[in-house]
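Peer 1: Have a look at this one before I ask anything.
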Amino acid sequence: MTAVERIRVLRVPSPLVRPFVTAVRRTDHLDVVLVEVTDTDGRRGYGEAATSWRVTGESPQSVAAAVAGPLAEAVLGRHACDPGIPADIARSVWGNAAARSAVECAVADLAAQQRGVALAQMISALTAPSRLRTDMTLSAGEPAVLASLAAEHVTAGFGCLKIKVSVAHDTVAGLQAVRAAVGPDITLRIDANQAWGAETAIRVIRAAEDAGLALELVEQPVAAHDLDALAEVTSAVDTPIMADESVRTAHDVRMIADRGAAALVNIKLAKTGGLTEALAAAETARAAGLGVVIGCMMESHVGVSAAAHLAAAVAPDAVHDLDAAFWLRSSPVTGGVVLSGDTLDLGAGDGLGISGLAADAQPEVLVDLSRRAAVSA
């Protein structure tokens, strides 16, 4: 196995096809932040650091600083298949979960390529599938807008829609408009992104239940830190509650399970700090009888591809939350997952199946370090 010879951090400005609106933020474009590692045979592995001050607490500049210092030191000159790399990445820097995840995923992509297997197969104890299902997210908005977008996505082949809700809009009215537009056979989820207190959450969810809206789940109705409130909502309603912002590590999953605070967890690489902790969180959830959905931040094909391979390894039969890459006008890379209707195709390539940067990506290079330069320094 050849060693990691070079590591780069690349920023690629990427406009969205439409604004992404939640209870906590609105964005019209992404600064896609990629980590690229290259081995001595010229193979390149990719990872992505989802940056958001309000969600991950990171920026392109903070990712660049973390990679240029302790994270590069943890991987440069080492074989990508070295089993000690994930632990060394995890202890090399406190916090900085998105940066750590990007580096670990890039090295894992490289290791899978060196072994000649897909990343999902490398991390799975069983044969991982090459296809998964995903929902499609609707930004928070007025009922008529939600209904129109919902109908559009169903026509495009989506059977599960996730609707962002906020205190600025009438949730039940919006859901009624969507249900009328798409009919009874489409699965509906809602995501409050911590918008409510327990009392409001219970009132709104019960109203949706009384209206016969048949929600599959409600995601993170209350503040991430308030597991008492999350448990109160879970015990007061019939609709399953899924924890998202409350989940970063396997320890968080254990706390949620012990408190009976949720029926499902949404696991995201940018929050866990990488594949190793995400796998541990998924195993903890399974052992506790919690459902597992793999989600993503607003990320490109790189981050979504890594999450899709994780999903194929840990929860192949679930409908996951992996639509973010398809909000971008174009991908910064060639290859990775492909969306057809609501089906994600992981492809047949090794690693993540990414062959390199797209011809029109025009990245800004934030960090470029090589093993030779580090040794000479």
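The values are calculated or read from the model by the stated rules, or taken from the named source; none is laboratory data. Given the structure is predicted, the values throughout are model-derived calculations rather than measurements. Neighbour counts are summed over all protein chains in view; Cβ atoms, including those assigned to glycine, are modelled from backbone coordinates with ideal geometry.
Peer 1: Being of a type in the set (A, V, I, L, M), out of contact with any Gly (no Cβ under 9 Å at 6 or more places or on another chain), buried (at least 20 other Cβ atoms within 10 Å of the Cβ) and farther than 30 Å from GLY42 by Cβ, is that true of even one residue in the stretch 122-132? Break it down into steps so the answer makes sense when it comes.
Peer 2: As a first pass, look at the stretch 122-132 and keep what is of a type in the set (A, V, I, L, M): 122-123, 125-126, 128, 132.
Narrowing further to those that are out of contact with any Gly (no Cβ under 9 Å at 6 or more places or on another chain): 123, 125-126, 128, 132.
The next check asks that each one be buried (at least 20 other Cβ atoms within 10 Å of the Cβ); those that pass are 123, 128, 132.
After this cut, where a residue has to be farther than 30 Å from GLY42 by Cβ as well, the list is 132.
Yes: one or more hits.
Peer 1: Does any residue of the stretch 165-180 turn out to be more than 25 Å from THR234 (Cα to Cα), hydroxyl-bearing (Ser, Thr, Tyr) and touching a helix residue (DSSP H, G or I) at 6+ places or on another chain (Cβ under 9 Å)?
Peer 2: If we filter the stretch 165-180 for residues that are more than 25 Å from THR234 (Cα to Cα), which is where we start, we get 177, 180.
Subsequent filtering for residues that are hydroxyl-bearing (Ser, Thr, Tyr) retains none.
No, the conditions are met nowhere in the stretch 165-180.
Peer 1: Out of (1) in a helix (DSSP H, G or I); (2) closer than 23 Å to MET297 by Cα; (3) of a type outside the set (Lys, Arg), the odd one out for ALA140 is which?
Peer 2: Of the numbered conditions (1) in a helix (DSSP H, G or I); (2) closer than 23 Å to MET297 by Cα; (3) of a type outside the set (Lys, Arg), the odd one out for ALA140 is (1).
Peer 1: Just to be sure before I move on: is VAL167 of a type in the set (Val, Ile, Thr), at pLDDT 95 or above, over 22 Å from SER305 (Cβ atoms) and not in a strand (DSSP E or B) in the structure I sent? Break it down into steps so the answer makes sense when it comes.
Peer 2: Numbers: of a type in the set (Val, Ile, Thr): yes; at pLDDT 95 or above: no; over 22 Å from SER305 (Cβ atoms): yes; not in a strand (DSSP E or B): yes.
In short, no.
Peer 1: Another question, then. Please specify each residue of the stretch 174-219 satisfying the condition of being of a type in the set (S, T, N, Q) and without any contact (Cβ under 8 Å) to a residue 40 or more places away in the chain.
Peer 2: Going through the stretch 174-219, the residues of a type in the set (S, T, N, Q) turn out to be 176, 187, 193-194, 200.
Answer for the stretch 174-219, where residues must be of a type in the set (S, T, N, Q) and without any contact (Cβ under 8 Å) to a residue 40 or more places away in the chain: GLN176, THR200.
Peer 1: Here's another thing I want to ask about it. Restricting the search to the stretch 68-100, which residues are over 13 Å from VAL9 (Cα atoms) and among the small types (Gly, Ala, Ser)?
Peer 2: Keep residues of the stretch 68-100 that are over 13 Å from VAL9 (Cα atoms), which gives 70, 73-97.
ALA74, GLY77, ALA80, GLY84, ALA87, ALA90, SER92, GLY95, ALA97 - these are the residues of the stretch 68-100 that are over 13 Å from VAL9 (Cα atoms) and among the small types (Gly, Ala, Ser).
Peer 1: Let me ask you something else. List the residue pairs whose Cβ atoms are under 7 Å apart, where the first residue sits in the stretch 227-238 and is under 18 Å from ALA208 (Cβ atoms), the second is among the polar types (S, T, N, Q), and the two are 6 or more positions apart or on different chains.
Peer 2: Close Cβ pairs (under 7 Å, with a partner that is among the polar types (S, T, N, Q)) amount to LEU230/SER246.
Peer 1: If you check CYS81, CYS105, which single one turns out to be of a type outside the set (Ser, Thr, Tyr), under 22 Å from LEU346 (Cα atoms), assigned by TED's automatic domain parsing to the domain that holds GLY47 and not in a helix (DSSP H, G or I)?
Peer 2: Working: CYS105 fails: not in a helix (DSSP H, G or I).
From the options CYS81, CYS105, the qualifying one is CYS81.
Peer 1: Looking at ALA147, is it buried (at least 18 other Cβ atoms within 10 Å of the Cβ), under 25 Å from ASP226 (Cα atoms) and out of contact with any Leu (no Cβ under 7 Å at 6 or more places or on another chain)? Can you show your working first?
Peer 2: Values: buried (at least 18 other Cβ atoms within 10 Å of the Cβ): yes; under 25 Å from ASP226 (Cα atoms): no; out of contact with any Leu (no Cβ under 7 Å at 6 or more places or on another chain): yes.
For ALA147, the condition - buried (at least 18 other Cβ atoms within 10 Å of the Cβ), under 25 Å from ASP226 (Cα atoms) and out of contact with any Leu (no Cβ under 7 Å at 6 or more places or on another chain) - is not met.
Peer 1: Hey, another quick one. Run ALA224 past the list (1) touching a Ser or Thr at 6+ places or on another chain (Cβ under 8 Å); (2) surrounded by 20 or more Cβ atoms within 10 Å (Cβ to Cβ); (3) among the aliphatic types (A, V, I, L, M) and report the number of the one that doesn't hold.
Peer 2: Every listed condition holds for ALA224 apart from (2).
Peer 1: Identify the residue in the stretch 170-200 that is part of a helix (DSSP H, G or I) and among the polar types (S, T, N, Q) and, among all such residues, is surrounded by the fewest Cβ atoms within 10 Å (Cβ to Cβ). It would help to see each step written out before you state the result.
Peer 2: So the first thing to find is which residues in the stretch 170-200 are part of a helix (DSSP H, G or I), and the list is 171-182, 198-200.
When the remaining residues are screened for being among the polar types (S, T, N, Q), the result is 171, 176, 200.
On the way: THR171: 24, GLN176: 18, THR200: 16.
Among those residues, the one meeting the criterion is THR200.
Here's the yes/no breakdown for (1) surrounded by 21 or more Cβ atoms within 10 Å (Cβ to Cβ); (2) outside any loop (DSSP other than H, G, I, E, B); (3) at positive phi:
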| residue | (1), (2), (3) |
| --- | --- |
| ILE7 | yes, yes, no |
| PRO13 | no, yes, no |
| ASP31 | no, yes, no |
| LEU34 | yes, yes, no |
| VAL37 | yes, yes, no |
| ASP41 | no, no, no |
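Peer 1: Going through the stretch 84-102 one residue at a time, which ones are within 19 Å of SER52 (Cβ to Cβ) and assigned to a helix (DSSP H, G or I)?
Peer 2: Hits for the stretch 84-102 are ALA97, ALA98, ALA99, ARG100, SER101, ALA102.
Peer 1: Within the stretch 59-78, does at least one residue satisfy the condition of being acidic (Asp, Glu), crowded, with 18+ Cβ neighbours inside 10 Å and not in a loop (DSSP other than H, G, I, E, B)?
Peer 2: So the first thing to find is which residues in the stretch 59-78 are acidic (Asp, Glu), and the list is 73.
Retained after the next criterion (residues that are crowded, with 18+ Cβ neighbours inside 10 Å): none.
No, there is no match, as no residue in the stretch 59-78 is acidic (Asp, Glu), crowded, with 18+ Cβ neighbours inside 10 Å and not in a loop (DSSP other than H, G, I, E, B).
Peer 1: Among the residues of the stretch 59-102, write down those that are of a type in the set (S, T, N, Q) and under 25 Å from MET122 (Cβ atoms). Reasoning before the result, please.
Peer 2: So the first thing to find is which residues in the stretch 59-102 are of a type in the set (S, T, N, Q), and the list is 59, 61-62, 92, 96, 101.
Within the stretch 59-102, SER92, ASN96, SER101 qualify.
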